[in-house]
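Just so you know, all these numbers are worked out from the coordinates, no wet-lab data involved. Everything numeric here is computed off the predicted structure, so don't read it as measured data. Cβ: placed from backbone, ideal geometry, glycine included. Neighbour counts: every protein chain shown.
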Amino acid sequence: MKLSAFSLLAALIAGAAAAPTQDAPLAKRATPKVYLAGDSTMAKGGGGSGTDGWGQYLQASLKNAVVVNDAIAGRSARSYMNEGRFQAIVDVVQPGDFVVIEFGHNDGGSLSTTDNGRTDCFGDSTQTCISPTTGETVYTFVFYEVQAGKALMAKGAKVIFSSQTPNNPWETGTFTYGANRFVGYAQTAAKAIGAMYVDHGQYVANEFQRRGAAAVDAFFPLDHTHTSVAGAQVVAAQFVKAVLCANDALAPSVVNSTSSIPGSCV
Ligand SMILES: *[C@@H]1O[C@H](CO)[C@@H](O)[C@H](O)[C@H]1NC(C)=O
């Protein structure tokens, strides 16, 4: 039997009506959640040895929103995807919730002879690589971020792509900050799907420049990547500053005024 367009539509509507309740649109929460997806620079416990991630210090600047820090040390956009961690957030997110996605520190490297399971395929689009060790098809940073962002936005979440934090820009004694390619990739991903973007890396770099070498060196007690608690608080504050300057959908949840946080809007 050939289905007419009308009977097909009718079948679809009947199917929809009979769908289990778990497929019904979820209600907004009274108090939205702010899920954080990232690496050690955002995660609880940072890179160990007393360092900490900035995601632990965001809650203090928010009202009517609850931070859920799902950042995990050592993860890249690729490994966060492959371990099902984006999916775990997709599974629990509700309309009106926020998801902040910030990767880059573990996404670099080459796939020519080895594969640490984290390196993305080079490029900012639909390029693919084959893992030299497992044969896995590896996609770009932008691809992983776009896939995650799309799935989250389809659930009604508001997605903020955030550029990675700088390594200590005073490491050589002279201030040097050059945004690496993952900063641009995060913006590319945001644009591709109409998500929000904040250049967190640039805000932090500017604030680190203002504070000077001695103060900033003290924020990096372990290596040039992982911050002390005090450093993590500065990094969190600059995320908040960036959100306020962008006046994006998370801004009304911030308790602080733009001028109360050091630095200028970029
Ligand atoms: C925002 O204000 C709260 C409450 O006074 C404070 O605890 C928090 O540290 C402030 N955040 C920033 C980024 O200054």
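Give me the net charge for the shell around A157: Cβ to Cβ below 12 angstrom, other residues only, Lys and Arg +1, Asp and Glu -1. Can you show the working numbers first?
Working: positive: K28, R29, K33, K150, K155, K158; negative: D91, D97.
Net of charged neighbours comes to +4.
Would you mind calculating the relative contact order of the chain from Cα pairs under 8 angstrom and at least 6 residues apart, reporting the percent as a whole number? Present the calculation step by step, with values, prior to reporting the outcome.
Numbers: 508 pairs, mean separation 49.2, N = 266.
In percent, rounded to a whole number, it is 19.
Which residue, A43, A215, A230, tops the fluctuation ranking in a GNM of the chain built on C-alpha contacts under 10 Å?
Looking only at A43, A215, A230, the largest GNM fluctuation is found for A215.
Take the chain, connect every pair of alpha-carbon atoms lying under 10 Å apart with a spring to form a Gaussian network, then pick out the residue of I101, I130, I72 with the largest mean-square fluctuation.
The residue that fluctuates most here is I130.
Could you line up D120, D91, D115 from fewest to most neighbouring Cβ atoms inside 10 Å? Mind dumping the intermediate values first?
Numbers: D120 29, D91 10, D115 19.
In increasing order of surrounding Cβ atoms, one gets D91, D115, D120.
Could you list which residues have their amide H under 5 Å from that of V34, counting only those 5 or more apart in sequence or on another chain, with H placed in the peptide plane?
For V34, whose amide H was placed from the backbone, the distant partners under 5 Å are V66, V67, V68, F98.
Distance check, please: which entries in K33/K191; K33/K158; K28/K191; K28/K158; K158/K191 exceed 18 angstrom between their Cα atoms? Present the calculation step by step, with values, prior to reporting the outcome.
Values: K33/K191 23 Å; K33/K158 10 Å; K28/K191 25 Å; K28/K158 12 Å; K158/K191 14 Å.
Listed pairs above 18 Å: K33/K191; K28/K191.
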